[in-house]
Each structure stands twice: as C-alpha cells, then as structure tokens.
Amino acid sequence: MTEYVKYINGTLKPGITEREVVLDLFAGCGGLSLGFEAAGYRTIGYEMDNAACETYNKNLTGECFVVKLDTDFDYPKSDILIGGPPCQPFSVGGHQKGIEDARDGFPIFIDAVKKLQPKVFMFENVRGLLYSNKWYFDLVLGELRKLGYIIDYKLLNAVNFGVPQNRERLFVFGHRAKFNFPKSHTRKTTVGEAIGDTMFTAPDGSKFLTPSMDTYVAKYEKASYCINPRDLYFDKPARTLTCRNLAGATGDMQRVRLKDGKRRRLSHSEAARLQSFPDWFEFAGNETQRFNQIGNAVPPLLAYQLALALKECYNTEEFYTSLEIIDNNIQPNQVLSLF
C-alpha cells in the first residue's frame, strides 16, 4: 500500500471536534462533507438523488436528507454553509445555458445565505463560470456582496493538492475577515501511487474494450488530434474524471492498458481512489449511479485542505472583530434584486 493510499485511508475519516455544524447544499455523495468532517465539523447534507444520499448516510457522521431544494426551504441555523450548486448550466457538457437553465442552483444557494447569514460560506463550480458565463458569475458575486460579505475566489487544480488527477474547479469563499487559500503542493501524485496495485491486473468483473470499441476510440483520438493515447499512465496524474468518461462507453472513457495490450475500463474502487476517496468509503446504487457519484464529487482530499483553510478564517480573532463592525451595516431582510 502506497503512502498516498495510507494517507487518505487514515486522514479522510470523520473525527468531530468542532461545535459548529456545516450545512452542505447539493451534497452529492458527500465528497465535500467528508473533507469537512475529517477537519472536525459535523455536517448536514441536502441532496435530491436517493442513491447519493444513501452513500452519504452510509459513510458520514452527519445526516443527508433527500430533498429537492427551492427558495421556500427552511434551513436549520448554521454559521457555515457549503455546497456545489448544479454546474450543468455552466459546463461545456451542459451546453452553457446559464441563467436560462432550470438546473441553475445559484438562486437557491444565495437564498440560503440570505436566510442564514452564515459567518462563512463556500461553493464550488465548473471553470466555465469564469469564461462564457462570467457576466452571470459577476451578478452572483454582486448579490453576495450586498449581504455584507468579502468574496475570495480561485480556480484550483486538484492535482496541486495531492489528488492524482488534473481537475480544475472554481472555489468561492464568502467571509468577513481575512481568508487564505491552501498552498499548492510541489509534488504531484501519480496514477501508479493511487491504483498501481490493480491497474495492470484484471480483477473479477473487469470490463474490457471490444475490437469495435478500440476502433471507435482510435477514430475519436484521430478526430480530436490526440497525440498520445488517452489511457491512464502509471507515472502521471489522471485526466479529469467525469460521469461521462467513467460510466459511458465513449471515446473519452477512462481506461488502463494491460501488459498484453488489452484495455479495460476502470473499476469503481480505482475511480474512487483517483478522486481521493478512502478505501473504506462505500458507494450505494447500481454501476452507473456509483460512477456518477464519483464523477460529480469534490475530491475529499482537496475538500479537507479547503476545510482547514476555512476553519482558520472562522476562528481568527480578526474575524470576530471584523464581524462586529460589518454586522452593523448588514440589512438581513434586504431583497435580492436578481433572484
């Protein structure tokens, strides 16, 4: 067992030490919440997918409720709010419809901030929010600033935080003090360190690419001007894991090449390790549901480091001093002009 696997298995487990409860909106299977529970916080999750919610409740100390959130929802009091508003409206795969997309979760997240007035909040989203939909991102930040928050945001690649995968996502923090993002690591973790014990084997239940699939993949790589085959490489981090390239038999699928030249698709356990889920973490649901949970998740190892940074912000004396000053200027019942 590599040091990477030992580390995520030992570090990424619930160990509640803090009195604050963290609310996790659009919680998925609990990747973000696992990072926060490993940092000492108890969590409460809200998620509309039954299988993802079951996974959350199977593994975490906090409870996840199956609910489709809306702006009429009544939340329990909490000083820390986190979440991943549905990203399809702003992702390339979701055709970047933005505000016109009914799956847009930002009105709900902003409504929760308005109702709870948390001391700190954080949300995660796809990098596309900084580009084609930057105008909408600016409107969202404007509404949050009206509620009295200082906003810090940054595009982070999980590979720079010990996760063996190139995965860029946008992270936004709202606070009333000073916040510092966690520092990047100089060394990158490789696929071999994550799944080297299985990637050149064929465990029971392995699914191999058929000759027709090999032909399809070759055509895909040629059409996309791919210089190197898109297999996973032992000595490099993985490409971004997504629902589509884990669960679907596509030209972009995640796969490993065995020593005899055959290629097989990733197993759930291998995909989970590449997302930095510990081995003890169990996923509920059928094959596709489990792959979707893994592909949608915030890597717990990155979430853990973000949680520690948030904790430092929350606990500083400077935070409480700033809070007393700014609170006098907040209008809790201020109407959201955009939403």
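Brief remarks follow.
- Among (1) modelled with pLDDT of 95 or more; (2) crowded, with 19+ Cβ neighbours inside 10 Å; (3) touching a helix residue (DSSP H, G or I) at 6+ places or on another chain (Cβ under 7 Å) - the single one H268 does not satisfy: (2)
- Enumerated helices (runs of 4 or more DSSP H) restricted to the range 1-76, each holding at least 1 residues that are without any contact (Cβ under 8 Å) to a residue 40 or more places away in the chain, in contact with a Leu (Cβ under 7 Å, 6 or more places away or on another chain) and under 27 Å from Q289 (Cβ atoms): 31-38
- Hey, L81 surrounded by 18 or more Cβ atoms within 10 Å (Cβ to Cβ), modelled with pLDDT of 95 or more, part of a helix (DSSP H, G or I) and of a type in the set (A, V, I, L, M) or not: no
- Selection count where residues are farther than 16 Å from R176 by Cβ, touching a helix residue (DSSP H, G or I) at 6+ places or on another chain (Cβ under 7 Å) and either among the basic types (K, R) or in a loop (DSSP other than H, G, I, E, B) (or both), scope the range 115-147: 1
- Selected residue (only one of F234, F173 is among the aromatic types (F, W, Y) and assigned to a loop (DSSP other than H, G, I, E, B)): F234
- Residue within the range 124-133 that is buried (at least 18 other Cβ atoms within 10 Å of the Cβ) and touching a residue at least 60 places away in the same chain (Cβ under 8 Å) present: yes
- Evaluated against (1) of a type in the set (K, R); (2) modelled with pLDDT under 95; (3) buried (at least 22 other Cβ atoms within 10 Å of the Cβ), R273 falls short on exactly one condition, (2).
- Number of the exception - L338 against (1) farther than 27 Å from L155 by Cα; (2) at pLDDT below 95: (1)
- Residue list for the range 13-34, filter: surrounded by 24 or more Cβ atoms within 10 Å (Cβ to Cβ) and either touching a Ser or Thr at 6+ places or on another chain (Cβ under 9 Å) or assigned by TED's automatic domain parsing to the domain that holds M199 (or both): V22, L23, D24, A27, G28, C29, G30, G31, L32, S33, L34
- Condition check for R257: of a type in the set (D, E, K, R), over 14 Å from G196 (Cα atoms) and either touching a Cys at 6+ places or on another chain (Cβ under 6 Å) or surrounded by 15 or more Cβ atoms within 10 Å (Cβ to Cβ) (or both): no
- The residue that is nearest to Q165 (Cα to Cα), counting only those in the range 212-244 that are of a type in the set (K, R) and surrounded by 13 or more Cβ atoms within 10 Å (Cβ to Cβ), is R239.
- Residue count for the range 237-265, restricted to those that are assigned to a loop (DSSP other than H, G, I, E, B) and in contact with a helix residue (DSSP H, G or I) (Cβ under 8 Å, 6 or more places away or on another chain): 10
- Cβ pairs under 8 Å, 6+ apart, first in the range 292-312 and more than 15 Å from C29 (Cα to Cα) and assigned by TED's automatic domain parsing to the domain that holds T17, second of a type in the set (D, E, K, R) and buried (at least 24 other Cβ atoms within 10 Å of the Cβ): none
- Verdict on V256 being over 22 Å from the mean Cα position of the chain (by Cα), of a type in the set (A, V, I, L, M, F, W, C) and modelled with pLDDT of 90 or more: yes
- A residue that is surrounded by 18 or more Cβ atoms within 10 Å (Cβ to Cβ), modelled with pLDDT of 95 or more, in the same structural domain as D235 (by TED's automatic domain parsing) and part of a loop (DSSP other than H, G, I, E, B) cannot be found anywhere in the range 203-211.
- Enumeration of residues in the range 120-162 that are modelled with pLDDT under 95 and basic (K, R): R127, K134
The values are calculated or read from the model by the stated rules, or taken from the named source; none is laboratory data. The structure presented is a predicted model; accordingly, all values stated were derived computationally and were not measured. As a convention, Cβ positions derive from the backbone with ideal geometry for all residues, glycine included, and neighbour counts pool all protein chains shown.
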